[in-house]
Amino acid sequence: MPWFDRDVQFNHYGPDRLPFGCTGASGLVQRFVELSGDDAGRAFDVLDASGGYGSACLGAGPEVIATAMADAVRTAGYVTDEIASAERALLLERLFAPGGLFADRFPAADYRVSGRNSGSEGMELALRLVLESRFDHRRLRAVPGAEERDVVLGFEGAWHGWSGGLLPLMNRRHYRIGLPSVDPERFGFRTEHIPFGDPDAAREWFASNGGRVLAVVVEPIQGDAGILTPPEGYLRELAALAKESGALLVADEVLTFAKTGRFFAMTDERGAIPTDVTVIGKSLGMGAVSTSMVIARRELGVRPTGTVSTSDLRPLTCAVIRAGLEHIVAEGLLERSATVGGRLGELLRDRLVADFPDLYREARGTGLIHGVELTDHAAANLGELRSTMIRNGVYVEFMSGAGRRSHGLRYLNATMRVAPPLVSTVDDVEAIAARLTDGSHAVRKTTS
């Protein structure tokens, strides 16, 4: 095979492109081949512990999705949201009508939904809803009392996408320098960042800035920062602080949707944590389509045509989402993932962090989304670490880490994300942990 894509596809990953190709997949098993070196041409199987960058929640080749796509291509049509769609109606009724999967959290009387092509586009629309909440759409002037609300509260280490409008939400200079920014101006905004999961920092910030804050944008579990899970009660208190200050709360659940043992991570022992806008994606497309949903309070909106999208819940996309969600519910995959994920967390702590203190510093996570933070030594050899893991039969991703944080919190290194599909079993995560252990032994030999 010539692997012509290596010659013509844009290289998004810099000089250390992974020297592997994929020839097919089934379930959690990816069939890889070495592309260079003495072993060029060697074929081997790899267990996917990434879930397709967090999007393939049913693994590769699920029959239920293949059937839904084939049927929808033949019969569902391709109308945009300008025309009502029977397939779209079936999906939204299943989710938001009384008794629907999301109805207790997002009743149709209070919320409405828009579809987008990706999580980043969904977050762009969420930000647009926030910004346009401040002014009269017809006269294009500030709503009385909103003139001074020009601050969006974000979090150190956050990742919401790298499209232009979202850059101000990230505090890491590497991602922002040399690219467009949004400066304070009439109807502009500025972003301030505080450390995630620190209730004292949140209280302090709102005490000083509550009158100017327009919105709070938060991941319930920070992904790129290193799978950071907040302390119990933190998200609910954050929601209360936002509400008391008159700010909107935007939850970025693009990564966490369906990965924490429940559909939504904005949940605690008291139940759903209220939000004004919630964006879900990745797993929503079942690994077959790229899509997202923006679920927003009905009073939020934008000027006419401001939310038009080429792919706002097209019938094919709706058929895939509905079939996948029905399968997840029928098979009890969320409930099972909580148990399987609990075992995965134990294995990562006991077999990686405890046995390889030279490579790993801490394991964090819940459900089927976990992170293993690297030591300085391992982070300096990240490219070698990832390639070695693949050659030992397991595919994992690496997150940037939150880096330097304020309020005296420690530096957070790059983190290995271990987030296999929902269809994973206890035997699967045992096998993943065994291969991560083998890879760690190999890395220790080559980097010591």
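Here are some residues: 113, 151. Which one is more than 26 Å from residue 316 (Cα to Cα) and in contact with a strand residue (DSSP E or B) (Cβ under 6 Å, 6 or more places away or on another chain)? Break it down stepwise before answering.
Details: 113 fails: more than 26 Å from residue 316 (Cα to Cα).
Among 113, 151, only 151 is more than 26 Å from residue 316 (Cα to Cα) and in contact with a strand residue (DSSP E or B) (Cβ under 6 Å, 6 or more places away or on another chain).
Can you spot a residue in the range 234-241 that is assigned to a loop (DSSP other than H, G, I, E, B) and over 13 Å from the mean Cα position of the chain (by Cα)?
Residues of the range 234-241 assigned to a loop (DSSP other than H, G, I, E, B): none.
Within the range 234-241, none of the residues are assigned to a loop (DSSP other than H, G, I, E, B) and over 13 Å from the mean Cα position of the chain (by Cα).
Would you call residue 148 farther than 23 Å from residue 219 by Cβ and at pLDDT 75 or above?
Values: farther than 23 Å from residue 219 by Cβ: yes; at pLDDT 75 or above: yes.
Taking the combined requirement at face value, the residue satisfies it.
Got a sec? Which of 328, 280 is in a strand (DSSP E or B) and not hydroxyl-bearing (Ser, Thr, Tyr)?
Values: 328 fails: in a strand (DSSP E or B).
None of the others qualify; the one that does is 280.
When residues of the range 9-45 are filtered for being in a loop (DSSP other than H, G, I, E, B), surrounded by 15 or more Cβ atoms within 10 Å (Cβ to Cβ) and on the phi > 0 side of the Ramachandran plot, how many remain? Talk me through it step by step, then tell me what you get.
The initial filter retains those residues of the range 9-45 that are in a loop (DSSP other than H, G, I, E, B), namely 9-19, 28, 35-42.
Remaining after also requiring surrounded by 15 or more Cβ atoms within 10 Å (Cβ to Cβ): 19, 28, 35.
From what's left, on the phi > 0 side of the Ramachandran plot: none.
Result for the range 9-45: 0.
Looking at 250, 217, can you tell me which residue is assigned to a strand (DSSP E or B), modelled with pLDDT of 95 or more and under 25 Å from residue 414 (Cα atoms)?
Details: 250 fails: under 25 Å from residue 414 (Cα atoms).
Checking each option against the conditions leaves just 217.
Of the conditions (1) modelled with pLDDT of 95 or more; (2) surrounded by fewer than 17 Cβ atoms within 10 Å (Cβ to Cβ); (3) within 24 Å of residue 157 (Cβ to Cβ); (4) not polar (S, T, N, Q), residue 426 clears all except one; give me its number.
(3)
Go through (1) small (Gly, Ala, Ser); (2) under 18 Å from residue 430 (Cβ atoms); (3) surrounded by fewer than 23 Cβ atoms within 10 Å (Cβ to Cβ); (4) in contact with a strand residue (DSSP E or B) (Cβ under 8 Å, 6 or more places away or on another chain) and name the single condition residue 363 misses.
(3)
Of the conditions (1) under 22 Å from residue 27 (Cα atoms); (2) surrounded by fewer than 15 Cβ atoms within 10 Å (Cβ to Cβ), residue 446 satisfies every one except a single condition; which number is it?
Status for residue 446: all satisfied but (1).
The values are calculated or read from the model by the stated rules, or taken from the named source; none is laboratory data. The shown structure was predicted, so the numbers you read here are calculated from the model rather than taken from an experiment. Note: ideal-geometry Cβ built from the backbone for every residue, glycine included; neighbour counts use all protein chains shown.
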